[in-house]
1. Over 10 Å intervals from 0, what percent of Cα-Cα pairs in the range 15-67 sits in each interval?
2. With a 1.4 Å probe and all protein chains left in place, how much accessible area per residue does the chain have, in Å²?
3. Once R0 is set to 30 Å, what does the formula 1/(1 + (r/R0)^6) return for the Cβ-Cβ distance between ALA71 and ALA28, expressed as a FRET efficiency to the nearest 0.05?
4. Identify the residues of the range 58-91 with backbone N under 16 Å of a label point that sits 7 angstrom from the Cα of GLU38 along the Cα-to-Cβ direction, or state none.
5. Leaving out ligands, DNA and RNA, and with a 1.4 Å probe, what % of the accessible surface on the chain is carbon or sulfur?
6. Sequence gap at least 6, Cα distance under 8 Å: using those rules, report the relative contact order of the chain to the nearest whole percent.
7. Computed over the Cα atoms, what is the radius of gyration of the chain divided by 2.2 N^0.38 Å, N being its residue count?
Amino acid sequence: MAHLKETEFKEQLSRQGFSRVYVWQDAAGTFYPEHTHERLIAHIILDGEMTLSMRGVAKTYHVGERFDVPAGAVHAARMGPEGCRYLIGEE
């Protein structure tokens, strides 16, 4: 069932114009300090959780949830206690 959902998410991102769609996985507690991307980046959580800090607000995302990081937006991310596996769409 989870694989079916993953396939559906990949298709959704491709239909929305994301040219590169792939799965990424980070270990528990992995931290990415503040950084930016040149393009819009979509993230869909497949397993675990990720806390995103952007514009002074930290929010934790769980399985099935999506968040987008606009091009040039300064943000940081920390993976949950069980790590995080997520789908990335790059515009």
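1. Going from the shortest bin to the longest, the percentages are 18, 56, 25, 1.
2. Values: 5470 Å² over 91 residues.
So the chain comes to 60 Å² accessible per residue, rounded to a whole number.
3. On the way: r = 29 Å, r/R0 = 0.97.
So, using R0 = 30 Å, E works out to roughly 0.55.
4. 71-73, 90-91
5. On the way: 2830 of 5470 Å².
With neighbouring chains kept in place, the figure for the chain is 52 percent.
6. Details: 214 pairs, mean separation 38.6, N = 91.
Relative contact order for the chain comes out at 42 percent.
7. That ratio works out to 1.02.
The values are calculated or read from the model by the stated rules, or taken from the named source; none is laboratory data. All values reported here derive from a predicted model rather than from experimental measurement. Here the Cβ is made from the backbone with ideal geometry for all residues, glycine too, and neighbour counts use every protein chain on show. Side chains are part of the model used for accessible areas, which takes the heavy atoms of the whole protein and leaves out ligands, DNA and RNA. Shrake-Rupley method; radii C 1.70, N 1.55, O 1.52, S 1.80 Å.
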